[in-house]
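Worksheet: the structure to be examined is printed underneath.
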Amino acid sequence: MDQVADKSLVAGDFAAEAFLARLGERGIEYVFANAGTDFAPIIEAVSRNGNRRKFPRFVTAPHENLAMAMANGYYRVAGKPAAVMLHVTVGTANAVCQVMNMARDNVPVMLCAGRTPITEAGHIASRNLPIHWGQEAFDQGGMLREFVKWDYELRAGQPVGALVDRALDIAMSEPRGPVYLCLPREVLADDAVPMRRDTIRPLGAAAPAPSLQAIEQAAHLIAGAEYPLIITSALGRSAAAVAALSALCGAQAIPVLQMNATDMNLPSDHEMNLGYGPEPTPHLAQADVVIVIDSGVPWIPRTAAPKASAKVIHIGIDPLVSRHPFREYEADLLVAGDPVAALVMLNEALGAGRKGRLDARRKTVAAAREEAKKAYDRLLAQSKNDVPIHPVWLAHCLNAAKARDAIIVNELGVAPGRLDLVEPLSFIGTSLAGGLGAGLGTALGAKLAAPEREVIVTLGDGSYMFGNPVPYHFVQRAENLPTLTIVTNNHQWLAVKQATLAVYPDGAASRANVMPIQDLNPSPAFEKVAECCDGFGESVEDPAKLPDAIARALKKVRSGTPALLNVHVQGRR
């Protein structure tokens, strides 16, 4: 094979310039950055470039947690990865929590961190500050290796462009996830080394199609079922995925549960939508065939499980969810491959189906949906005047005010089952990894990817404090990313309280006037945090005033001003 010269380099380039040029050539539009002393070659490269070549645009994120979460939100809406650049060991350490989230959610990101200078003298980029001794590590990548697909450190004499290619291709190959590249300051300052080839190709390898034999086996089981059930959590990463699921479950009258959902997988108004989990549901116990699609935790075995005679099918790129160390879910058939292709193939293989059986299921699901609506209406009528504000009333008011295609980022804020979600890519939920602090930055990344859409982040008071709110509000204004932030403020770590009661329902903690280590009183005036960064803030305690408060806040957002509502709610969801 002929060797092709690297056309991406310009005479006199140093490695930092080659690195940024290659990012631009491979389609990376944004770098969310928190800089340190290791960034000197990067800053010089950006300054020298002007508009000569297409470099990614740098967005300054004053905390690493925020930078990573912005990359998460950007990918979830744009469908393409961003890069994140952080400061050596300390910056990497601050990013690990969100690396865990993105690994569990299969979100690709090219995470880069500088490496403190290795040499003590003899190089223009040698150590010149005391921290350059203290920040050195024996194995910098070791702190996050378990949660990235690939990690490496650029060495002298290597073509940095080739490492960019390798990192991005691995991140975007299924199952997708984070990668980590360490960039020593001296090597970034050295002359660039050309690649042998500069082929520009689509990012990642195409997802493999499932085998026809596996699809036929699945279709046979589903066709013979009286009451099949689909469970999914993260299928809806594209409009095509939502359309494929809508078509299959509609044509075949298969009800759908969205358990521990991180995405909007099926529109709220779809006739086969049975709502959200993780609460135990009679539909799981009723099903004779359960089809699990892109769901790491389809049910909680302690409280719910399929009946012993049920057949369980798992569909996904990695149907065993192999990165979860222990996971003992029933499985009679594994269908590995692109789940969207699998749904289309299943629909074709099933054909028209038996009309009588399909009609019976439609009636069963319609009755279940109607009963759920009546229960919701009763709860809404009972709770609309509650003080503190009931979360159901908050969700109702939000549904009435938001745009149809609004993107809701939810981090332990409003239960997704209470929200009207009808458009693809309109919901981003809490990661299974449980690394709090992702909601705020995710909302910014989503707004950057879809500036024309309304972005609303709902999150608990604890999650808001975890999310580095001052950096968040700073970036809102600096980058002109107006979002509505709703803090569902129950003055406590509700998840901690609920977990304690689940383990010790009649224990001493359940009888305490104030349960230890979960109370968050006195509650801060979160609305003033938004105001300090020139945003609009308002505290709401009266349920009668909530609709007007949401309307005022959305009016501010639609005119370009970020807004925050500090809504004092009951300790429930």
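How would you rank ASP534, ASP263, going from fewest to most other Cβ atoms within 10 Å of each one's own Cβ? The partial results should precede the final answer.
Values: ASP534 12, ASP263 25.
Final ranking by Cβ density, sparse to dense: ASP534, ASP263.
Placing +1 on each Lys and Arg Cβ and -1 on each Asp and Glu Cβ, with no other charges, gives the chain a dipole about its Cα centre of roughly 900 debye.
Taking amide H as placed 1.01 Å from N in the peptide plane, SER268 has its amide H under 5 Å from the amide H of LEU421, VAL422, each at least 5 places away in sequence or on another chain. For LYS80, the lysines whose Cα falls under 18 Å of its own Cα, not counting residues fewer than eight places away in the same chain, are LYS54, LYS149, LYS447. Only aspartates and glutamates eight or more places from LYS497 in sequence, or on another chain, were considered; those with a Cα closer than 15 Å are ASP461, ASP506, ASP519.
Each residue of the stretch 533-542 was assigned a 3J(HN,Hα) from its phi angle through the Karplus expression (A = 6.51, B = -1.76, C = 1.60, θ = phi - 60°), giving 10, 6, x, 9, x, 8, 9, 10, 10, 8 Hz with x at Gly and Pro.
The distance separating the Cα centre of the stretch 278-313 from that of the stretch 511-543 comes to 38 Å. 3J(HN,Hα) along the stretch 417-426, derived from phi through the Karplus expression 6.51 cos²θ - 1.76 cosθ + 1.60 where θ = phi - 60°, amounts to x, 8, 9, 8, 10, 10, 9, x, 6, 10 Hz, with x in place of Gly and Pro. Quick check: the distance between the Cα centres of the stretch 375-449 and the stretch 333-353, to the nearest angstrom? The two parts, judged by their Cα centres, are 31 Å apart.
For the stretch 212-368, a/c is less than 1.5, where a ≥ b ≥ c are the root eigenvalues of the C-alpha gyration tensor. That puts it in the rounded class.
The residues CYS182, CYS112, when put in order of fewest to most other Cβ atoms within 10 Å, stand as CYS182, CYS112. For the residue pairs LYS384/LYS555; LYS373/LYS556; LYS311/LYS374; LYS307/LYS355, alpha carbon separations beyond 30 Å are given by LYS373/LYS556; LYS311/LYS374. Legend: ranking of residues VAL90, VAL470, VAL164, VAL503 from fewest to most surrounding C-beta atoms inside 10 Å; resulting order VAL503, VAL470, VAL90, VAL164. The alpha carbon radius of gyration of the stretch 384-568, expressed as a multiple of 2.2 N^0.38 Å, is 1.01. The HN-Hα couplings worked out from phi for the stretch 406-413 by the Karplus form 6.51 cos²θ - 1.76 cosθ + 1.60 (θ = phi - 60°) are 4, 9, 9, 9, 10, 10, 6, x Hz, whole numbers, x standing for Gly and Pro.
Angle of helix 160-172 to the longest C-alpha principal axis of the chain, folded into 0 to 90 degrees and rounded to 10: 10°. Of the GluC sites (Glu not before Pro) found in the stretch 118-204, those in coil by DSSP whose Cβ has at most 16 other Cβ atoms within 10 Å are GLU120, GLU136. Seen through its C-alpha gyration tensor, with square-root eigenvalues sorted a ≥ b ≥ c, the stretch 4-146 comes out oblate because a/c lies at 1.5 or above while a/b is not bigger than b/c. In whole Å, how far is the Cα centre of the stretch 120-181 from that of the stretch 470-495? With the stretch 120-181 and the stretch 470-495 each reduced to a Cα centre, they are spaced 31 Å.
Computed from the coordinates by the stated procedures, all read-outs in this text should not be read as laboratory data. Given the structure is predicted, the values throughout are model-derived calculations rather than measurements. Virtual Cβ from ideal backbone geometry, glycine too; neighbours counted across all protein chains shown.
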